[in-house]
Amino acid sequence: MSFFHPGMRELQDRFEGRAVPDRLADNRMRTVFSGTDREFIETSSFFFLSTATPESVDCSFKGGDPGFVRVVGENVLEWPDYDGNRMYRSLGNIIRNPRVGLLFIRFDGTRFDGSARLRVNGTAELDESGAAREGLPGAKRIIRMTAEHIFTNCPRYIPTMASEEASVYTPRDGYTPPDPAWKSRDFVKDIFDKERG
């Protein structure tokens, strides 16, 4: 599946163009988990899961002890489904449409390869076998995801929650936020230099 669909391309073309998105995709998007991705995922105590069907869109919080999400293959991860509210909004969407998006985010100031945000998009399936749940206390079933797109994002709008400090990049009246560091990276710097002047 293409990283950018026609709707995304339409807006890129209408607004700032394709140059930055293409450079970001070429330099940040991958299809195999790196060691840094594994560390980010396996030390996270939560993530956000998005699912959708033509009738339903859902975003949910998934949490557990660090390590509850495991990278089990070069582009495969899995997590346990614990006891919940029994609405099965996410899982119901998955059985109708396996396409999912995961957002791992760190509010404690920790950075992995300069980022505090890791996005993983792909397809998911449910595994209700006893073998899959073995060694995972409280797991009702396992959700196994095959990643198609793995990419980090700039951490500029993420607040540091440990000390309750707002991100320095949040726009405010009378305040000009600094440029994020990623805009000065070799693979995009020339684009921003042209825009500035």
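The values are calculated or read from the model by the stated rules, or taken from the named source; none is laboratory data. Being a predicted model, the structure only gives us computed values, none of them experimental. FYI the Cβ positions are ideal-geometry reconstructions off the backbone, even for glycines, and counts take in every protein chain you see.
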Quiz item: Just checking, how many residues over region 44-62 are modelled with pLDDT of 95 or more, polar (S, T, N, Q) and out of contact with any helix residue (DSSP H, G or I) (no Cβ under 9 Å at 6 or more places or on another chain)?
Solution: 0
Exercise. Give the residues of region 19-62 that are aliphatic (A, V, I, L, M), assigned to a strand (DSSP E or B) and loosely packed, with under 13 Cβ neighbours inside 10 Å, sorted by residue number.
Key: Val57
Quiz item: Inside region 63-76, can you point out the residues that are part of a loop (DSSP other than H, G, I, E, B) and modelled with pLDDT under 95?
Solution: Gly64, Asp65, Pro66, Gly67, Phe68
Quiz item: Can you find even one residue in region 99-116 that is surrounded by 19 or more Cβ atoms within 10 Å (Cβ to Cβ), of a type in the set (Gly, Ala, Ser), touching an Asp or Glu at 6+ places or on another chain (Cβ under 9 Å) and more than 17 Å from Thr146 (Cα to Cα)?
Solution: yes
Exercise. Tell me, yes or no, whether region 122-131 has at least one residue that is at pLDDT below 95 and in contact with a Pro (Cβ under 9 Å, 6 or more places away or on another chain).
Key: no
Quiz prompt | Given (1) of a type in the set (Ser, Thr, Tyr); (2) surrounded by 11 or more Cβ atoms within 10 Å (Cβ to Cβ); (3) within 30 Å of Arg86 (Cα to Cα), index of the condition Ser129 fails | solution = (2)
Quiz item: Quick check, is Glu16 acidic (Asp, Glu) and either in a helix (DSSP H, G or I) or within 30 Å of Tyr88 (Cα to Cα) (or both)?
Solution: no
Quiz item: Does region 63-93 hold any residues that are more than 17 Å from the chain's Cα centre (by Cα), surrounded by 14 or more Cβ atoms within 10 Å (Cβ to Cβ) and in contact (Cβ under 8 Å) with a residue 40 or more places away in the chain, and which are they?
Solution: Pro80, Asp81, Tyr82, Leu91, Asn93
Quiz item: Would you pick out the residues in region 1-17 that are more than 21 Å from the chain's Cα centre (by Cα), surrounded by 12 or more Cβ atoms within 10 Å (Cβ to Cβ) and among the aromatic types (Phe, Trp, Tyr)?
Solution: none
Exercise. Could you tell me which residue of region 137-179 is modelled with the highest pLDDT, considering only residues that are more than 30 Å from Gly73 (Cα to Cα), part of a loop (DSSP other than H, G, I, E, B) and β-branched (Val, Ile, Thr)?
Key: Val168
Quiz prompt | When residues of region 144-197 are limited to those that are more than 18 Å from the chain's Cα centre (by Cα) and among the acidic types (Asp, Glu), the one surrounded by the fewest Cβ atoms within 10 Å (Cβ to Cβ) | solution = Asp173
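Quick grid of which residues meet (1) in contact with a Leu (Cβ under 8 Å, 6 or more places away or on another chain); (2) in a loop (DSSP other than H, G, I, E, B); (3) closer than 20 Å to Glu39 by Cβ; (4) touching a residue at least 40 places away in the same chain (Cβ under 8 Å):
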position	(1), (2), (3), (4)
Asp108	no, yes, yes, yes
Val120	yes, no, yes, yes
Thr123	no, no, no, no
Ala131	no, no, no, no
